[in-house]
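The block underneath contains the structure these notes are about, expressed in structure tokens.
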Amino acid sequence: MHVRIHRLVGLGVAFGSAGLAVALDGSAVLAFLCAYPGATAPDWLEIPYGERGATRRPVIPHRTLTHFVPLWVVLLGVSVWGLTQAPPALINLLASAALGFACGALSHLFLDLLTPLGIPLFSLRQRYHLDRFTLRKSKPAR
Ligand SMILES: [Zn+2]
């Protein structure tokens, strides 16, 4: 999926995560501000290096660990749990930021799920993609 689409959807998700943060007595501003970079995080967390173009390679192989859904679901769950525990102010701010970041990242993963390359849903060894509302195994990467 193209980075512009991730950014656009991330902007929309930022509003949603801000609303969720408010509902959980968190910081709407931090959730909003962190959702936007979170929407592109699974790609830039791969740490691409080298010149732009065909020779550019990531440190972490594309669509592996940073696109692993359970990691982001755990971050979302921990942040929601943290916000529901009436935490001290600093923890509240961190949980709000993590909530927004995780929501943005999960939007990224959903969009990548719509592409034939897919994402690792349940295991790092197998990617899946959505094909007309049907979950299918993706072909292994070269
Ligand atoms: Zn991606």
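With 19 Å as the cut-off, how large is the P(r) tail for the range 50-142, expressed as percent of Cα-Cα pairs?
Result: 52 percent of Cα pairs exceed 19 Å.
Helix-only estimate, please: 222 nm mean residue ellipticity of the chain, summing -39500 (n - 2.57) across DSSP H runs of length 4 or more and dividing by its residues, to the nearest 500.
Result for the chain, helices only: -18000 deg cm²/dmol.
How far is helix 3-23 tilted, in degrees, relative to the longest principal axis of the Cα atoms in the chain, given as a value from 0 to 90 rounded to the nearest 10?
Tilt relative to the chain: about 30 degrees.
Tell me, in nm to one decimal, what length is gained between Asp25 and Arg56 on full extension, where the rule is 0.36 nm per residue of separation less the Cα-Cα distance?
Going from the current span to full extension adds 6.9 nm.
For the ranges 114-127, 13-26, 51-64, what's the packing order if you count other beta-carbon atoms within 10 Å of each residue, average per peptide, and put the highest first?
Ranking the peptides 114-127, 13-26, 51-64 by packing returns 13-26, 114-127, 51-64.
Using a Gaussian network model of the chain with C-alpha springs under 10 Å, which one of Phe32, Phe101, Phe110 is most mobile by mean-square fluctuation?
Phe110
Farthest toward the dipole's positive end in the range 3-137, which of Leu65, Val80, Leu99, given Cβ charges of +1 (Lys, Arg) and -1 (Asp, Glu) about the Cα centre?
Among Leu65, Val80, Leu99, the one farthest towards the positive end of the dipole of the range 3-137 is Leu65.
Near the amide H of Leu121, under 5 Å away, which other amide H atoms are found, from residues 5 or more places off or on another chain, if H is placed in the peptide plane?
Under 5 Å from the amide H of Leu121 lie the amide H atoms of Tyr128, each far enough along the sequence or on another chain.
Place a +1 charge on the Cβ of each Lys and Arg in the range 5-142 and a -1 charge on the Cβ of each Asp and Glu, then give the dipole magnitude about the Cα centre in debye, rounded to the nearest 20.
Computed about the Cα centre, the dipole is about 720 debye.
Here, each number is a calculation from the coordinates, and none is a lab measurement. From a predicted model like this one, the values you see are computed outputs, not experimental measurements. Cβ atoms come from the backbone with ideal geometry, glycine included; neighbour counts cover every protein chain shown.
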